[in-house]
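The values are calculated or read from the model by the stated rules, or taken from the named source; none is laboratory data. All values derive from a computational prediction rather than experimental measurement. With ideal geometry, Cβ positions are generated from the backbone for all residues, glycine too; neighbour counts draw on all protein chains shown. Ligands, DNA and RNA are stripped out before the accessible areas are found, and what is left, the full protein with its side chains, is counted by its heavy atoms. Shrake-Rupley method; radii C 1.70, N 1.55, O 1.52, S 1.80 Å.
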Amino acid sequence: MKKKSVILGFSILALSMVYGFSQDTAPAENPSRVEATEPAADSVEADNTQASAKKEKKKSKKKKEEDIYSGWAKERGLSIDETYGTVRLRAKTKKGTFNIALLEEKNYKTIPVLATSDEYTTSGFFLKAGDKVINLINDSRVKYTGWKTDNGMVLGYRLDNVADVMVYFDCFQSNVESDIDSVKIRIAVTNMGKKKMNFAVKAIFDTVLGETDRHHFYTSSDSAVKNELSLRSLENDPWFISKNVSAQLQMIFNMADTTQPEILAFANYSTLNTRSWEPDLLTYRTFDTVLSYNNSACGVIWPEHPLSVKQQYSEIMYLSLSSGDRKPSGADYLATHQDGVIDNAVLLAEKNNVENAEEGQSTDQVSSENADSSQNDEKGAGKNVPYVKFDVNSLTQEQLSPEYIRKLLSRIETLEEDDVSLNKEELQQLNAELDAILAALRK
């Protein structure tokens, strides 16, 4: 992010109070005094302009704070098409739609594991806010954003005065003998309303591989899913596979740092894509309906979470891809990594730690200085501390709180506006801290 993005474009002058006599109350015998004390029209207009500017400044500052806390940022391009190892990610950032495909290692052929029809609109996310259900890719009230990252992409969905939903796609290597082949999906929901509310997330993945195979899905114990299936416990089957002769997609819901769904459903796409929050499934029904033939999909419904204003929670799942008859190795990887995947923000922190060591400054020293910095928030966050590179690992919960972020922004603003006593070293320090906080909140 740009270092000066938190600073508003102009300063606010102090408001002046204008006192005077009206013609009704002024002494008749001293008209000159009346004229001297009447406020000039241009002075009143200037005061109104200043008051309006101050109001806009506060509003803009508050919005910046909210954007930082929820992870929202302006889109950087109309579409995304990036390949990370054997994973190809595509998205339409103006529509909030996405697609995931496998890039074959031998002939570099792209094999979609999710449907590509209608600009990727058949796979997507739903938000339940209170009693209302919003299709995040098919509702005129939703605003969109998105951008690519070093190891994936981010898609954002905003419902003004309700919630921000940020979806992070982080690609990683699950097998040392292969290239990058898996994706961690984290869905972060932030309450942007004015009161406490219950929120829940639902995802629909319009899978395609199983539609050309003998069976649409397979359990982790390799049992075929022949009819519609609804599960409320994944203790015995933490992951499922959709496959054909060319590729395999492993969907992982109950391992490592995943957040277990309340309901996991496999059915015809038209059965899952309805206005109803929970699908109406029939265990004897195959993946065919009157409206759609041989069109399977996976529906993931996570439980509700009560959120206070500006509070955030996340849901996590994984996808792992492979070509031919080789089973994806995402589940095997997570079985030995109970804390989940180290995402891009943490990798960046590790890189910074190495750089610090090369500069003769150990990680322990960096953490100690950062801890000392967090004690200074009441005097102005990070005031009078030496410049160090902040990293995500050394941040405390206090530094991730909205109150601390507001104080940090305020301190940066004060330094920027005070050209006479500008402390460039401190300003660099605070901006580095802000970058680390932003990375941690997007993690």
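Numbers for the structure displayed
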| item | result |
| --- | --- |
| Entries of Lys310/Lys407; Lys94/Lys327; Lys109/Lys148; Lys74/Lys243; Lys148/Lys194 with Cα pairs more than 25 Å apart | Lys94/Lys327; Lys74/Lys243; Lys148/Lys194 |
| Most to least packed among 180-189, 331-340 [average Cβ atoms within 10 Å] | 180-189, 331-340 |
| Within segment 191-221, backbone nitrogen closer than 20 Å to the virtual label 7 Å beyond the Cα of Asp325 toward Cβ | 209-221 |
| Segment 109-262 shape via C-alpha gyration tensor axes, a/c threshold 1.5 | prolate |
| FRET efficiency, 1/(1 + (r/R0)^6) with R0 22 Å, evaluated for Arg275 and Lys143 via beta carbons | 0.50 |
| Accessible area expressed per residue, segment 165-280, with surrounding protein chains retained (probe 1.4 Å, Å²) | 39 Å² |
| Overall Cα dimensions of segment 136-217, principal axis frame, Å, largest first | 49, 33, 22 |
| Shape call, segment 253-327: gyration tensor on alpha carbons, a/c limit 1.5 | oblate |
| Area of Lys109 that stays accessible when all protein chains are in place (1.4 Å probe, Å², to 10) | 120 Å² |
| Efficiency of FRET between Thr110 and Glu416 - r from beta-carbon atoms, R0 51 angstrom, step 0.05 | 0.60 |
| GluC sites (Glu not before Pro) within segment 163-234, DSSP loop, no more than 13 other Cβ atoms inside 10 Å | Glu177 |
| Peptides 240-246, 115-121, 164-170 ordered by average Cβ neighbours within 10 Å, highest first | 164-170, 240-246, 115-121 |
| Heavy-atom accessible surface of segment 81-171: percent carbon and sulfur, 1.4 Å | 41 percent |
| Placed amide H near Arg285: partners under 5 Å, 5+ positions off or other chain | Glu228 |
| Cα-centred dipole magnitude for segment 137-225, charges only on beta-carbon of K, R (+1) and D, E (-1), debye, nearest 20 | 860 debye |
| Rounded FRET efficiency, nearest 0.05, which uses the C-beta distance separating Val245 from Val309 and R0 of 45 Å | 0.30 |
